[in-house]
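Novice: Got a structure for you, questions after.
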Amino acid sequence: MSLIATISAMGGFSWTREVLGLAGASVFWYIISSIVACGRSNVIISRAQTKYGKLLRVAPDGIAVSDADTLIRINSARSPYEKALWYKSARMDYRGDSVISEINTAKHDKRKAKLAPAFAGKNVAQLEANVDSWIAALGRAIRAKIDQGEETMNIGLLVQYFQVDLISGLLTGEAWGDLKDEKDHFGYLDLNEYQVPLIQCLGFLPVARILFTSPWFMKLFGPKTTDTGGLGLMLRLLQDEVESRFNENTGKPRESWNILDEWMKHGASANECQLDLSLLLPAGTETSIMMIRGTLLLLMSSPVAYWKLKQEIKSGIAAGRISNPVTNEEAKSLEYTQAVVREGMRIMVPINFGFPKQVPDSGDTICGTFVPGGTSVYINYHSMMRSEDVFGSDANTFRPERFLGTGPEISHMSKVVDLAFGGGRFMCLGKAVANIEINKIFVEVRIYSHRDGDSHPSNG
Ligand code: HEM
């Protein structure tokens, strides 16, 4: 039983009612719910959201919103909303902001325009080829363990190693080798275990945020490129790579395709490349890892869904609709696989809460309530993805079938799930990479780990 459940059971204490009153006066409620709930703050906040409605006050100047239409409006092209100060807590380097911690809209958009082409147009084929080779490496690692007769394997850990290699390889053309060595190089994964919750908490405390993300504090106490391990060592490796490439010859690309070369081609400065490469690692690893591991867990604990997925893969291979490896286009046409991907993303949404936007000075009416200018609107993705209004009375259940077929309701549900990547100018930069991998990975992992003859013909 969690600590909160224990306290509630002991004293008849209603966590939500007694403590929520504090949210208007201080950030205490949110901080306590984050720390005490030990990784279950999404559940605590969502319970409160269910009880008090689509608009919930979580801090003196902050509300949580779980309404998809509001998020679509905030993200829309002409929206006057800007990133709230919370984003400053995503700063990783005292030398400056990354594209995510840059809250000045004009500067953010200009910066993003240089970074986005690496993930679009003809580069998508390069992204897909990279994803293919790393999924194959993951598949071989799983297969080897099966062939060696290992009774159990930690597939969650293998997925973490796979994702770190995929992203580090995409960044500079050279992966860290976590999967091959089955090792968390630089202690990066370990670091994330406490770094992400810490950022989430600090972002809420204005004084702590200003202190901990100020250049002088970060310079004194933050990760340094002179460190012999951890984040500091990772920053140095990226810095060395950026420096050597800028010194070498700006126009001379590496043999293997990589994001750094693409950014240089589109005019990103050395400083911008350094800062944004360091961001892409956490942004591109923890998110996809959460979705893939979570969906594998859901499939393993839902024999019917797993069986249907297997049947679709088996018949797809037999009918020649699945190549070796499955292409992104083919995967998108596999109806049940797509339903699993959407349902997995919905139930295991990687970003549960946060990424607040600031209400424009004139104020705004949200879900029928006037909200004054300057208020931070936090997005409660967890509640949004489990809305009974949108997904039906079994919204808390993993049931891919809800996405089968066509019609306005299914289109709307899919649109809401797609909000997991944000939208408009705030859209996730790595959405193309993430979509390619999640479209393919469940098909390929199944093929590599098969025992009953649904292998691709060209695998022998
Ligand atoms: C399932 C996987 C993923 C999900 C659900 C996801 C979701 C998100 C969300 C919700 C945001 C914030 C949007 C906002 O500010 O409102 C974001 C931003 C971002 N994501 Fe992702 N992400 C995923 C994977 C990735 C990957 C693989 C990469 C890199 C290769 C990546 C790179 C970024 C970057 C750089 C930003 C900042 C964009 C900006 O500030 O304009 N993400 N992502």
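The values are calculated or read from the model by the stated rules, or taken from the named source; none is laboratory data. For clarity, every value in this text was computed on a predicted model and none was experimentally measured. All Cβ positions, glycine included, derive from the backbone under ideal geometry; neighbour counts span all protein chains shown.
Novice: Exactly one condition in (1) touching a Gly at 6+ places or on another chain (Cβ under 7 Å); (2) closer than 19 Å to Ala129 by Cβ; (3) among the hydrophobic types (A, V, I, L, M, F, W, C) is false for Val164; which is it?
Specialist: Of the numbered conditions (1) touching a Gly at 6+ places or on another chain (Cβ under 7 Å); (2) closer than 19 Å to Ala129 by Cβ; (3) among the hydrophobic types (A, V, I, L, M, F, W, C), the odd one out for Val164 is (1).
Novice: Related question: Can you tell me which of (1) surrounded by fewer than 17 Cβ atoms within 10 Å (Cβ to Cβ); (2) within 22 Å of the chain's Cα centre (by Cα) is the one Ala144 doesn't meet?
Specialist: (2)
Novice: For the condition at pLDDT 80 or above, of a type in the set (D, E, K, R) and surrounded by fewer than 14 Cβ atoms within 10 Å (Cβ to Cβ), what is the one hit in Asp261, Asp240?
Specialist: Among Asp261, Asp240, only Asp240 is at pLDDT 80 or above, of a type in the set (D, E, K, R) and surrounded by fewer than 14 Cβ atoms within 10 Å (Cβ to Cβ).
Residues checked against (1) at pLDDT 95 or above; (2) among the hydroxyl-bearing types (Ser, Thr, Tyr); (3) more than 14 Å from the ligand (Cβ to nearest atom); (4) crowded, with 22+ Cβ neighbours inside 10 Å:
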| site | (1), (2), (3), (4) |
| --- | --- |
| Val326 | yes, no, yes, yes |
| Glu329 | yes, no, yes, no |
| Ser333 | yes, yes, yes, no |
| Gln338 | yes, no, yes, no |
| Met348 | yes, no, no, no |
| Gly374 | yes, no, yes, no |
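Novice: Same structure again: For Gly229, only one of the following conditions fails: (1) in contact with a Gly (Cβ under 9 Å, 6 or more places away or on another chain); (2) crowded, with 16+ Cβ neighbours inside 10 Å; (3) under 18 Å from Tyr194 (Cα atoms); (4) not charged (D, E, K, R). What is its number?
Specialist: Only one criterion is unmet by Gly229, namely (2).
Novice: Can you pull out every residue in the range 286-310 that is of a type in the set (Ser, Thr, Tyr), within 16 Å of the ligand (Cβ to nearest atom) and surrounded by fewer than 21 Cβ atoms within 10 Å (Cβ to Cβ)?
Specialist: Result: Thr287, single match.
Novice: Right, next: Scan the range 302-335 for residues that are within 23 Å of the chain's Cα centre (by Cα) and of a type outside the set (A, V, I, L, M) and report the count.
Specialist: Residues that pass the stated criteria total 4.
Novice: Within the range 167-194, track down each residue that is under 17 Å from Met92 (Cβ atoms), away from the ligand (no atom under 16 Å from the Cβ) and not hydrophobic (A, V, I, L, M, F, W, C).
Specialist: Those that are under 17 Å from Met92 (Cβ atoms), away from the ligand (no atom under 16 Å from the Cβ) and not hydrophobic (A, V, I, L, M, F, W, C): Gly187, Asp190, Glu193, Tyr194.
Novice: List pairs: first in the range 403-427 and more than 30 Å from Glu82 (Cα to Cα) and touching a residue at least 24 places away in the same chain (Cβ under 8 Å), second away from the ligand (no atom under 16 Å from the Cβ) and outside any loop (DSSP other than H, G, I, E, B), Cβ under 7 Å, 6+ apart or cross-chain?
Specialist: Here the result reads Phe403/Ala339; Phe403/Ile410; Phe403/Met413; Leu404/Glu335; Leu404/Ala339, each pair linking the range 403-427 to a residue that is away from the ligand (no atom under 16 Å from the Cβ) and outside any loop (DSSP other than H, G, I, E, B).
Novice: Also: So how many residues does the range 381-421 have that are over 14 Å from Pro350 (Cβ atoms) and either within 16 Å of the ligand (Cβ to nearest atom) or exposed (fewer than 15 other Cβ atoms within 10 Å of the Cβ) (or both)?
Specialist: Qualifying residue count, the range 381-421: 21.
Novice: Can you list the helices (runs of 4 or more DSSP H) found entirely within the range 65-160 that contain at least 2 residues being out of contact with any helix residue (DSSP H, G or I) (no Cβ under 8 Å at 6 or more places or on another chain) and closer than 30 Å to Leu191 by Cβ?
Specialist: The helices (runs of 4 or more DSSP H) meeting that bar are 123-147.
Novice: Return a yes/no flag: does the range 219-231 have any residue that is over 26 Å from Gly177 (Cβ atoms), of a type outside the set (A, V, I, L, M, F, W, C) and in a loop (DSSP other than H, G, I, E, B).
Specialist: yes
Novice: Okay, next question. How many residues are part of a helix (DSSP H, G or I) and touching a residue at least 60 places away in the same chain (Cβ under 8 Å) if we restrict to the range 266-282?
Specialist: 11
Novice: OK, next. Looking at Tyr448, is it at pLDDT below 95 and crowded, with 18+ Cβ neighbours inside 10 Å?
Specialist: Yes, satisfied.
Novice: Here is a follow-up. Answer with yes or no whether Asp93 is closer than 28 Å to Ser214 by Cα, touching a residue at least 40 places away in the same chain (Cβ under 8 Å) and within 16 Å of the ligand (Cβ to nearest atom).
Specialist: yes
Novice: Residue pairs, Cβ under 7 Å, 6 or more apart or interchain, first in the range 344-373 and among the aromatic types (Phe, Trp, Tyr), second in a loop (DSSP other than H, G, I, E, B) and near the ligand (Cβ under 10 Å from one of its atoms). List them.
Specialist: Phe355/Gly422
Table: residues versus (1) at positive phi; (2) within 14 Å of the ligand (Cβ to nearest atom); (3) modelled with pLDDT of 90 or more; (4) surrounded by fewer than 18 Cβ atoms within 10 Å (Cβ to Cβ).
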| site | (1), (2), (3), (4) |
| --- | --- |
| Gly24 | no, no, no, yes |
| Phe28 | no, no, no, yes |
| Ser33 | no, no, no, no |
| Ser41 | no, no, no, no |
| Lys54 | no, no, no, no |
| Ile63 | no, no, yes, no |
| Leu71 | no, yes, yes, no |
| Ala77 | no, no, no, yes |
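Novice: Further question on the same structure: Can you confirm whether the range 435-449 contains a residue that is part of a loop (DSSP other than H, G, I, E, B), out of contact with any Lys or Arg (no Cβ under 9 Å at 6 or more places or on another chain) and within 24 Å of Leu71 (Cα to Cα)?
Specialist: No, there is no match, as no residue in the range 435-449 is part of a loop (DSSP other than H, G, I, E, B), out of contact with any Lys or Arg (no Cβ under 9 Å at 6 or more places or on another chain) and within 24 Å of Leu71 (Cα to Cα).
Novice: Next up: Filter the range 191-218 down to the residues that are in a helix (DSSP H, G or I), of a type outside the set (A, V, I, L, M) and more than 17 Å from the chain's Cα centre (by Cα) and list them by number.
Specialist: Within the range 191-218, Cys201, Pro206, Arg209, Phe212, Pro215, Trp216, Phe217 qualify.
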